[in-house]
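Trainee: Please read through the structure below; I'll follow up with questions.
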Amino acid sequence: MFHYCILGCLLLAGQGWTKGLSPYLPLNISPEIEVQIEKVMALTPGAPLSKPYKAVDVLERNKLLATRFPDLHRAVNAYLTRYKDTINTTHLSVSGSVSNKQSAALPNQRGIKREASYQVSNGLIAYFSPYAYVAAGVVLADGEGVTHVNTHVAFGYEYAQIEAGYREHWFSPMQDSALLVSTNADPSLSVTVSNATPISDWAFRYELFYAKLDKVTGVSQQGQFFTGKPGLAGFHISISPIDTWSVGISRTVQFAGAINNISLTEALLDLGNPVSEDKSPLLSPQAKASDQKTAISTKLNLPFTFPVSVYGEVAFEDSPQSADAQDKALAVGVYLPMVTDTLALRYEYTSWNELFYQSPFYTQGYINDQQALGHWASGLFPLAEQSIKTIHAVNINWQFAADQVIDVTVRTADNDITSPQITHSYTEFNVRYSFATRYGFWGVDVNVGEDRLGTQFKRVSAFYRW
């Protein structure tokens with residue numbers, strides 16, 4: 001069946017040009033507005049299960065909130081105006097930090113380290129027509145150089161939007177991280193096709209991409225170890241059978257990186273065949289390097305007087321049919337976007353078994369440029385550690401004045417075994433204060449905690465964001 005889904009997605013590109021494209025909104029780069037956008041997505045029906053969100057989708061959803069949540073509607077609508085000009089700056093951010101020089105990467109920040117003393121980011125967009133645009137985004141960080149973020153060329157129409165460049169992918173309804181594809185690692189050069197407008201009354205959405213990852217060592221194939229650049233193919237579809245409920249499936253296939261690799265065509269066929277199982281180089285000496293993952297996700301937005309959004313995903317190494325007890329993952333969350341008009345609360349729980357991020361072919365794990373492609377916390381644990389990992393994340397966002405916001409995030413990560421070398425749970429506490437002006441947000445961010453070795457980290461940042 002999934003072979004036909006992929007073929008149907010590709011054939012949509014040949015059906016003519018009707019309506020236009022949609023640019024993408026920020027993803028883990030502009031937190032003040034992203035909080036407001038997440039509220040819009042939780043308070044409206046037929047929510048998508050992947051990110052970054054399309055501006056057109058958020059614009060249409062925001063219209064539904066004009067009467068019930070006028071303040072939220074005005075804030076998001078004012079922000080979206082920057083995407084309506086032919087050429088415009090969509091994002092600008094500058095920050096400076098002091099820290100105790102802890103070298104671990106910040107969660108979901110594309111490999112940027114806690115010890116980075118400065119960070120500058122900028123985003124631009126230019127429309128050539130309703131059917132073509134160019135987006136350019138960069139992040140310059142101390143120690144990391146320039147990272148391309150959301151930099152791509154797009155063309156097509158509403159049901160087949162094709163992008164080439166450093167377009168990011170996040171296949172999950174989760175907010176704190178994603179099991180299959182997230183922003184934890186550097187974006188890779190990729191080609192993507194998706195629909196800007198949901199199809200049919202069931203709000204069918206699809207996304208198909210191919211990316212070339214950075215060079216990695218230890219690719220095991222046919223009794224040898226190679227250094228090469230694997231490919232990563234990904235596929236996501238979702239539907240909303242009823243207004244309040246969305247359900248979807250995502251697949252990724254990491255492949256190649258050795259000599260005599262499987263082709264992109266073969267990888268796409270594997271992508272569309274979730275009943276297949278990765279072969280082991282030990283049991284199948286002639287097998288070629290490939291690592292598949294599958295996730296089934298869902299989200300339920302309950303539009304009560306006290307709105308609630310419940311969501312989650314269950315994931316498998318290979319497929320649900322082939323997965324055993326040691327290669328599964330689970331993530332669930334609950335979001336209360338309007339505890340009061342100024343207070344939002346979120347809790348997320350994630351757990352995966354010992355084999356989920358392991359592969360007999362890719363001995364360095366599921367990574368790009370030394371950072372986890374999936375959940376940020378997978379980088380906290382040794383790859384060969386035979387344990388169940390558990391992560392908790394709580395977030396509180398409080399707009400305590402018309403122009404001031406406090407955002408608090410608490411994270412913990414641990415496993416189910418004890419070790420003489422690793423005696424602590426990972427704990428992290430982050431507080432961000434933002435002050436809004438007509439020229440953007442000014443603020444301070446404090447990040448403190450303790451890693452699994454008991455080493456404390458401390459970081460204080462001052463920022464400006466527009």
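Trainee: Identify all lysines with a Cα-Cα distance to residue 212 below 21 Å; exclude those on the same chain that are fewer than 8 residues away in sequence.
Mentor: Cross-link targets: 51, 229, 288, 293.
Trainee: Still on this structure, please answer the following. DSSP loop trypsin sites (Lys or Arg not before Pro) in the range 328-412 with at most 11 other Cβ atoms within 10 Å of their Cβ, which ones?
Mentor: Answer in residue order: no site qualifies.
Trainee: If you don't mind, another one. Pull up the cross-link candidates among the lysines for residue 54, meaning alpha carbon to alpha carbon under 23 Å and not fewer than 8 places away within one chain.
Mentor: 19, 39, 63, 84, 299
Trainee: Kirkwood hydrodynamic radius, the chain, all distinct C-alpha pairs: what's the number in Å?
Mentor: 22.7
Trainee: Further question: What is the pair-distance distribution P(r) of the range 135-233, computed from all Cα-Cα distances in 5 Å bins starting at 0, with each bin given as a whole percent?
Mentor: Taking every Cα pair in the range 135-233, the percentages come to 3, 11, 16, 19, 20, 14, 8, 5, 3, 1, 0.
Trainee: Let me ask something additional. Sort 22, 117, 263, 93 so the one with the fewest other Cβ atoms within 10 Å of its own Cβ comes first.
Mentor: Fewest-to-most ranking of 22, 117, 263, 93: 263, 117, 93, 22.
Trainee: Wrap a convex hull around the Cα atoms of the range 324-466, take a quarter of its surface area, and give that in square nanometres.
Mentor: The number I arrive at for the range 324-466 is 10.7 nm².
Just so you know, all these numbers are worked out from the coordinates, no wet-lab data involved. Model, not experiment: these values are computed from the prediction. FYI the Cβ positions are ideal-geometry reconstructions off the backbone, even for glycines, and counts take in every protein chain you see.
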